1. For ASP63, what residues show an amide H to amide H distance below 5 Å, using hydrogens built from the backbone and excluding near sequence neighbours?
2. When only Cα pairs under 8 Å and 6 or more residues apart are kept, what is the percent relative contact order across segment 68-168?
3. Given a 1.4 angstrom probe, what's the average accessible area per residue across the chain, in square angstrom?
4. Hey, what did the chain get for relative contact order, percent, Cα under 8 Å, at least 6 apart?
5. For GLU164, tell me the accessible area in Å² from a 1.4 Å probe, rounded to the nearest 10.
6. Any idea what the relative contact order of segment 6-64 is, in percent, if you count C-alpha pairs under 8 Å spaced at least 6 apart?
7. Run the simple label-point estimate for ARG132 and SER72 please: 7 Å along Cα→C-beta, distance reported in nm.
8. May I ask you to compute the full-extension gain from ALA157 to GLN26, defined as 0.36 nm times their residue separation minus their alpha-carbon distance, rounded to one decimal in nm?
Amino acid sequence: MISSAQHPLLFLDVDGPLIPFGATPQQLPGGYPTYGTGPEDANPLLARINPAYGPRLTALPCDLVWATTWMSEANECVAPRLGLPELPVVVWPEPSDEDERGGLHWKTRALLAWADGRPFAWVDDEITEADRAWVAAHHPGRALLHHVDPRQGLTDADFIALDEWLRAG
């Protein structure tokens, strides 16, 4: 990851994209793959984080930013499993009833404010068409709102789509 004002931002959620969840036993008869364990008191779902994602994320031409409810814990618990340096963290405002009535995700307004006109990609498992429409109407720069299936987490196809979009700018 090369830090530059010229690079787009990549807002990265943890639950869903990095920690897959929600697949049925029929979809994953053997359960989710795990990649080692951490301290006994650590969240057991952390073992689902694929360490190979770290080099793939840092190879993308962007500046990575945590956009997760894990907040600073993402730097403490998730980043070391991926081999990532400490990343900036979006601090969330209190959720707004206005957002919920319009179907807008509670993260959307905060991410646009954080981006401050800069191109960005947002990787999350809760992105909807309402978020895409709102971003298109309110963000002057390029934006990719990339939905990830939480049952699978990030896939090769997701990394290809991100890489192509980030390089197309």
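The values are calculated or read from the model by the stated rules, or taken from the named source; none is laboratory data. This structure is a prediction, so every number in the text was calculated from the model and none was measured. Note that each Cβ is placed from the backbone with ideal geometry, even for glycine, and that neighbours are counted across all protein chains shown. Quick note on the areas: whole protein, heavy atoms, side chains included, nothing else; ligands and nucleic acids left out. Shrake-Rupley method; radii C 1.70, N 1.55, O 1.52, S 1.80 Å.
1. LEU9, LEU10
2. Numbers: 83 pairs, mean separation 20.4, N = 101.
Over segment 68-168, the number comes to 20 percent.
3. Working: 8630 Å² over 169 residues.
Value for the chain: 51 Å² per residue.
4. Details: 260 pairs, mean separation 53.5, N = 169.
Worked out over the chain, it gives 32 percent.
5. Spelled out: GLU164, probe radius 1.4 Å, area about 120 Å².
6. On the way: 44 pairs, mean separation 28.1, N = 59.
Computed value for segment 6-64: 48 percent relative contact order.
7. Output for this residue pair reads 3.7 nm.
8. Numbers: separation 131, 0.36 × 131 = 47.16 nm, distance 2.26 nm.
Gain in length upon complete extension: 44.9 nm.
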